[in-house]
Amino acid sequence: MKVLDTLNSLAMLKDKIEYYAIAYYRLSKDDKGKNESDSIANQRKLISAFLEKHPNIKLVAEADDDGYTGTNFNRPGFCAVMDAIEQKKVNCVIVKDLSRLGREYIQMGRYLEEIFPSLGIRFIAINDDVDSSNSKHSDDIIIPIKNIMNESYCRLLSKNLRKQFRIQRSNGEFIGNFASYGYIKSDEDKHKLVVDEYAAEVVKGIFSLKIRGYSQNGIADFLNSEQILPPAEYKKSIGLSYKSGFKGTSKYKWSAVAVTRILTNPLYIGTLVQGKRGTANYKIKKMKYRDEDDWIVVQNNHPAIVDPLVFYIVGRLLERDTRRSPNSKTVNPLAGVLYCADCERAMVLRTVTRSEKKFYYYVCSSFKNRKTCTIHNFEQSRLEGVVMNAITNQIKLVIELDELLNEVGHGILEDAKLQRIDVLISQKMKDIDRCKDMRMNLYEAYNDNLINREEYDKMRQKYTTQLEAEEAALCRLREEYAKEQEISSINTDWIQEFKRFQGVTELTRELVVTLIDKVYVYEDKRVKIEFNYRNELEYIYELIEEKTKEVG
């Protein structure tokens, strides 16, 4: 009887103990819409009902994380819980179930078995019947098992999401939070990009300025002088809750880095590139760049803002040295395209003053800096005159080609193009048959004891490797043939680039970079000019010549 009275007294004493509790609620993005019982409101109702039955626990604070994953404990609401514990405002934490506290097995174990007990915190998970002040021996097994199950749920969910994202990206669906500058998400389909007319005009202007000879800094200065908002500020101005991951010196101004990002982004020619960055797994939150082979690229996915030819030209300019004079906003017309024909280093502009008169010469940079080459000097105005004359002749040649194309018809050239590939396929099949015959003859030579086993193995491996290469080449030719059959006509868009400059008499930066790849200067002042699209020009002339011979 005395023992029973003692136990009853202890129970009454326990009920009089007051706990100052903080209720914690969490709802991840993936939980939303799936289970109404997991909503923040319903978690609050459940805990309120529990507290009504336990008057010895007083609720003094609440904290929640709406839209946060349970695999990461660096959440604002959970940090508020730990702050309340450290400030000794609470000595009890209440949650709906273990998964609300977190879904990472190791971290959950640390909090339940080390951190909370060491701080004297009573932990209650209502639906899982977990109460650290009334723990059972079975909890030592059940709680870790439940934590493992919660973590397994996250692992499976992460795997399924990654698979789903890859499918969506491969289908050309945009799955980013914010569209890049120049585009906005479609109102009808948030995974589809449509052109933002205002920002698109700014993008076009940036590419135009680059072709006209402006540096990235010069373009940024121009945009700032025109009071054009940079991408991040523009997105905020149209009502988007945007926060950039890039850090700049001034958030209200354009920078050379921001301009470069636009000039190098294939999004503006209709190519969607996604999956460039990602995490190793669902536990690691730090993003890392993936190998380029793992990127998902979909071409012709959305309306282009910039012509692909312009994008290609700008990309080539960014790879070359195009420094400008400190007294000029733009580079000179031949900067980045003029090279020494002997050492293949860039030619640079040199100023010589005689009798207070200035003369401008292009010289080899190797000679000027290290004297490792000859001077290759060429007076600026004379060289630019030579280049201008060559451009005029090339434009006439391309216009004549265009007229010839209209005369013979594009359809005839299509036939000639397919016929050329067909001839290559036939020749490759003959090469394969010959290689097979050689390998068969080799076996007969071995049987006739004309060669030994070592010679046979060595030569057979050689012919096998050669055969595999020939068969791979044949496969590529057949793919090319099939691809060309799908294309309705030969691409002659580049011809319009030449025709656009018909009648131009002044050598401008835009004229040079659009039509010329490289200009080489020899010591004896000979000049060799490599025009853009020279291979396309030669290819069409060859097709016309082949078809003309057939008709003749």
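The values are calculated or read from the model by the stated rules, or taken from the named source; none is laboratory data. Since this is a predicted model, take the numbers as computed values, not measurements. Note: ideal-geometry Cβ built from the backbone for every residue, glycine included; neighbour counts use all protein chains shown.
Worth pointing out:
- Any hit, the range 52-74, residues being part of a helix (DSSP H, G or I) and either touching a residue at least 40 places away in the same chain (Cβ under 8 Å) or among the polar types (S, T, N, Q) (or both): no
Okay, residues lined up against (1) exposed (fewer than 14 other Cβ atoms within 10 Å of the Cβ); (2) closer than 26 Å to residue 423 by Cβ; (3) in contact with a strand residue (DSSP E or B) (Cβ under 6 Å, 6 or more places away or on another chain):
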| position | (1), (2), (3) |
| --- | --- |
| 503 | yes, no, no |
| 508 | no, no, no |
| 519 | no, no, yes |
| 523 | no, no, no |
| 532 | no, no, yes |
| 538 | yes, yes, no |
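- Residue list for the range 148-189, filter: surrounded by 13 or more Cβ atoms within 10 Å (Cβ to Cβ), among the basic types (Lys, Arg) and at pLDDT 65 or above: 162, 166, 169, 185
- Residue list for the range 169-189, filter: closer than 12 Å to residue 298 by Cβ, within 14 Å of the chain's Cα centre (by Cα) and without any contact (Cβ under 8 Å) to a residue 60 or more places away in the chain: none
- Near pairs, Cβ below 6 angstrom, 6+ apart or cross-chain, from the range 498-511 (in contact (Cβ under 8 Å) with a residue 12 or more places away in the chain) to any residue that is acidic (Asp, Glu) and surrounded by 14 or more Cβ atoms within 10 Å (Cβ to Cβ): 507/384
- Selection count, the range 184-218, where residues are of a type in the set (S, T, N, Q), within 23 Å of residue 273 (Cβ to Cβ) and not in a helix (DSSP H, G or I): 1
- Any chance residue 87 is under 39 Å from the mean Cα position of the chain (by Cα), farther than 20 Å from residue 43 by Cα and polar (S, T, N, Q): no
- Looking across 93, 81, one residue alone is more than 37 Å from the chain's Cα centre (by Cα), within 17 Å of residue 116 (Cα to Cα) and not in a helix (DSSP H, G or I). It is 93.
- Within the range 509-538, the residues that satisfy the criterion of being of a type in the set (Val, Ile, Thr) and within 22 Å of residue 364 (Cα to Cα) are 512, 513, 516, 519, 521, 527, 529.
- When residues of the range 319-343 are limited to those that are modelled with pLDDT of 90 or more and surrounded by fewer than 19 Cβ atoms within 10 Å (Cβ to Cβ), the one farthest from residue 527 (Cα to Cα): 343
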